[in-house]
Amino acid sequence: MSIKINKPTTPSRRFISSVVYSGLSKNKPFKKLTKGRKRAVGRSWGRISTRHKGAGVKRLYRFVDFKLDKLDVPARIESLEYDPNRSAFIALVVYADGEKGYILAPEGVKVGEELFFGEKAPLKIGNRLPLKKIPVGFSIFNIEFEPRKGSQFVRSAGALAKVMAHDGAYALVELPSGEVRKFSGDCYATIGSVSNPEHNLVVIGKAGRSRLMGIRPTVRGSAMNPVDHPHGGGEGRSPIGLKHPKTPWGKIARGVKTRRKHKASNSFIISRRNR
């Protein structure tokens, strides 16, 4: 994949960029693995519960298999597809017994390649193994936190983690944030990195494109009145008048730890993420 830069035929198109999808299959989504759904658009009982969300174009939801519990059955990639519900691309795989499923597409795989999920899988990009079977230094993604619960870590476009060490029944993994965390050796992970690594280079370029994505405008707190935001008020373009920036509800907005002190999974963190 590569990034397409538009010709500056209008002021807004001067900055717009997008991913070139020519490497993806032209197939329509597999109907049995899709469903139309109404988006929440940040409302609860008609009231805004999450700001800056709303509208957006209709999206057909693709059911992506994150458990991948069909072990020791070879699978072939039938198509690589765009998914409007996530930053990564997805792949439609056909198992040897005829069953089909969507998975997160690994970077570098092609249509027709064979994948294998299980303890005996070879060390190849796209194959899925328990962490205890993956050597130190390998890049991985789509990682389980609890065995057979399904993948929860490292799923966004271009993301990858690294196996740092094996310590008894655990594997030490460095996550994309820089955090080093212990995972059970029985947890499964996929070798390689997530597809669409150029996603972070895309420039939205204009307000209308944000609205199509379901993103509503954000008003600066300093442009509001004091009754509406802690940053508001003052004469002209005044500073916020506070030691630290705050949220509209008066909480400190930057650099504050929000993780619970006594969260059960804290014991699995070896070193915190880079801050």
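The numbers here are math on the coordinates, done by the rules we state, and not lab data. What you are looking at is a predicted structure, and each value in this text was computed from that prediction instead of being measured. All Cβ positions, glycine included, derive from the backbone under ideal geometry; neighbour counts span all protein chains shown.
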**Report entry** Residues of segment 179-208 with amide N under 16 Å of a point placed 7 Å along Cα→Cβ from residue 145
**Finding:** 179-185, 187-189
Report task. With a point put 7 Å past each Cα toward its Cβ, work out how far residue 152 is from residue 25 in nm, to one decimal. Result -> 3.1 nm
Requested in this report: Report the local net charge at residue 87: Lys and Arg +1, Asp and Glu -1, summed over other residues whose C-beta lies under 12 Å from its C-beta.
Outcome: 0
Report summary line: So the FRET efficiency between residue 119 and residue 244, C-beta based with R0 = 41 Å and rounded to 0.05, is 0.25
Query - Charged-residue dipole, Cβ positions (Lys, Arg, Asp, Glu), the chain about Cα centre, Debye nearest 20 - result: 1580 debye
Query raised in the report: How much net charge surrounds residue 71 when only the other residues with a Cβ under 14 Å from the Cβ of residue 71 are counted, with Lys and Arg +1 and Asp and Glu -1?
Result: -2
**Report entry** Dipole of the chain, positive direction: furthest Cα of 231, 138, 271, with charges on the beta-carbon
**Finding:** 231
Query raised in the report: By what distance, in whole Å, do the Cα atoms of the chain stretch along each of the three principal axes, largest value first?
Result: 69, 49, 39
Query raised in the report: For residue 122, what is the net charge nearby, where nearby means another residue's Cβ is under 15 Å from its Cβ and Lys, Arg count +1, Asp, Glu -1?
Result: 0
Query raised in the report: How do 262, 231, 199 rank when sorted from fewest to most other Cβ atoms within 10 Å of their own Cβ?
Result: 262, 199, 231
Query raised in the report: Under the definition of Cα pairs under 8 Å and six or more residues apart, what whole-number percent is the relative contact order of the chain?
Result: 17 percent
**Report entry** By average C-beta atoms within 10 angstrom, highest first, the peptides 177-183, 138-144
**Finding:** 138-144, 177-183
Report summary line: Taking segment 219-270, the whole-percent share of alpha-carbon pairs separated by over 16 angstrom is 50 percent
Query raised in the report: For segment 26-100 and segment 179-251, what is the separation of their Cα centres, given in Å?
Result: 24 Å
Requested in this report: List the residues of segment 115-153 whose backbone N lies under 14 Å from a point placed 7 Å from the Cα of residue 169 along the Cα-to-Cβ direction.
Outcome: 132, 146-147
Query raised in the report: If you rank 194, 227, 136 by fewest surrounding Cβ atoms within 10 Å, what's the result?
Result: 227, 136, 194
Query raised in the report: Between residue 33 and residue 136, what length comes free when the chain is fully extended (0.36 nm per residue of separation minus the Cα-Cα distance, one decimal in nm)?
Result: 33.5 nm
Report task. Find the percent of Cα-Cα distances in segment 6-108 that exceed 24 Å, and round it to a whole number. Result -> 44 percent
Query - Alpha-carbon Debye profile of segment 159-275, log10 I(q)/I(0) at 0.10 Å⁻¹ - result: -0.60
